[in-house]
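What follows is a set of notes on a single structure, which appears directly below.
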Amino acid sequence: MLTVLNVVQLILYIALLALIGQGILYVLAGAKRDSNFFYKLLQVLSKPFTLPVRKITPRQVSDAQVPLVTFLLLAILYAVVTFEKADLCVTSNMLGQPGCR
């Protein structure tokens, strides 16, 4: 179970970093962000997470706001997984395990 939580936490961490990088480039690159290679790469990395969020959000949420909503949902999921991992480590007396450090 600890390995599963670590893998889920890692996947969420990568997605969160991709969305943060995309947000930074959104601000720095301005209107030319669509031709920026790194912005497109970060969009590809975050697309598996933004597409489902786009499908579940109402139409009033614009496409420009979907990455922010995705980031907030992933941050909440990351916190839940982190707390579950900590709870598992404490209750199972596995604090010395490499995955619990």
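The values are calculated or read from the model by the stated rules, or taken from the named source; none is laboratory data. The structure presented is a predicted model; accordingly, all values stated were derived computationally and were not measured. When we count neighbours, we look across all protein chains shown, and the Cβ atoms used for this are built from the backbone with ideal geometry, even at glycine.
Worth pointing out:
- Of all residue pairs spaced 6 or more apart or on separate chains, those with beta-carbon atoms under 7 Å, a first member in region 51-70 that is under 16 Å from residue 20 (Cβ atoms) and at pLDDT 90 or above and a second member that is aromatic (Phe, Trp, Tyr) and surrounded by 11 or more Cβ atoms within 10 Å (Cβ to Cβ) are 70/49.
- Of the residues 16, 10, 25, 42, the single one that is closer than 29 Å to residue 91 by Cβ, among the aliphatic types (A, V, I, L, M) and either surrounded by 16 or more Cβ atoms within 10 Å (Cβ to Cβ) or at pLDDT below 90 (or both) is 16.
- The sole residue among 69, 61, 53 that is surrounded by 14 or more Cβ atoms within 10 Å (Cβ to Cβ) and part of a loop (DSSP other than H, G, I, E, B) is 61.
- The set of residues in region 71-87 being out of contact with any Cys (no Cβ under 8 Å at 6 or more places or on another chain) and touching a residue at least 60 places away in the same chain (Cβ under 8 Å) consists of 74, 77, 78, 81, 82, 84.
- When region 35-84 is filtered for residues that are under 29 Å from residue 100 (Cα atoms) and of a type in the set (Phe, Trp, Tyr), the ones remaining, listed by number, are 49, 71, 78, 83.
- Residue satisfying all of: in region 77-101; among the β-branched types (Val, Ile, Thr) and closer than 16 Å to residue 6 by Cα; modelled with the lowest pLDDT among these: 90
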